[in-house]
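Read-outs: derived from the displayed coordinates by stated rules, not from any lab. Nothing here was measured: the structure is a model prediction, and the numbers come from that model. Because the Cβ atoms are built from the backbone with ideal geometry, glycine has one as well, and the counts that use them run over all protein chains shown.
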């Protein structure tokens, strides 16, 4: 009954917010409300309303003189929202040039003095800079400038910011702000709690599955850890991620080189020769059984929904080499799918790193990167994700998946770079294979600090490439492209300030509890 009353109240509040959006006249107020809805996690309820508002704002832009007359924070926020809208809709007419920020600098290219006092404008400019593409040097300069001065601001105002440390979510901050709107606050809390309840149901499902596999008990090294409409995607992709983590640990922690060679060889021909699995140690056999069952379930679910046989495709993608076909009146068969990727490539890349480790070999940075963007598991995650969120599945998209489309490559490379930046010190202490930082140091003689900075630079460049590719023509839905971008964002969250995935701490625990366990009091 409580769920029904929550839903009724949410629907009433949503209508009140829509009235706010409809009645709003001032363009700046519109921008700030859209930004607020995004930060409160409510924008998905008002996608069409937001599109209309942004269109009206863009239609009122005649030339750069309009931008020159506006406050710096308004210019930065308007650019940010319109550029985000461009990435979401791929509507080229909404593109805004970086030149709108020309009014921020003087004749010498230095930022004007008033910006140093405009923390709000500096923050929006910093956020906008992450939407840049290759060649947008103005935005690159803006990021360097805002990063430096925002870090100084935090140092000077540390005591003022301690009240925010109890909880990290924006809703808490908004509740204490002077201009808090009670309708928006109540809707944000109710929506958060309802979505959290959905996540908890997903988590229960995953925990039941994990316990049923017995892998937590059988493989003592296995890490036993823990938008509402994508519940099936979350549940199945979590299974895939758990299995990836387990296979990664087999290569990094548990397996000996001869076992890993056998493991990879078995992966190469598992479904062509099922008896080959008998040569594996018991813990590896159990891993394969669980993986096979997971793929069978995914294949069956896809067939029920789309009458599409992906069973042979998934097995090829993971271990075998069959094709995919759609059941129809003419039994369309997609024979072009002779796929050599995903988990098979993943295991091969793990084995390459194992051989480097056992031979004491340090690869060049290029050698390392060519292997590491696969060994980070991004391609496996993203290709499986396509089948979990896409209906209908198209022949053109499958060809792009086979070729590892740029959106997959760029997202995976960012994942790799951020992982290396966050985990290199701890993993080197454990005697792990050299990461990109160490490869660059070994190849060039650079110091650790310079190598670290260079990998940060490569990560930033790859972000720009991915931003550009987000609006390039492709058969992928914006939902799927969003998943690829969010994989990179997730990597930033877990690894940008150390290893929050492999080395759990109180901060990470508190964030997980806030997201999945602790509801907002109403």
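Summary of values
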{"quantity": "At 1.002 mPa s and 20 °C, Stokes diffusion of region 358-400 via Kirkwood alpha-carbon radius, µm² per second", "calculated": "168"}
{"quantity": "Protection proxy ranking, peptides 186-194, 375-383, 489-497, average beta carbon neighbours within 10 Å, highest first", "calculated": "375-383, 186-194, 489-497"}
{"quantity": "Sorted by Cβ density within 10 Å, fewest first, the residues 174, 44, 361", "calculated": "361, 44, 174"}
{"quantity": "Cβ crowding within 10 Å averaged over residues, with 411-422, 31-42, 75-86 ranked highest first", "calculated": "411-422, 75-86, 31-42"}
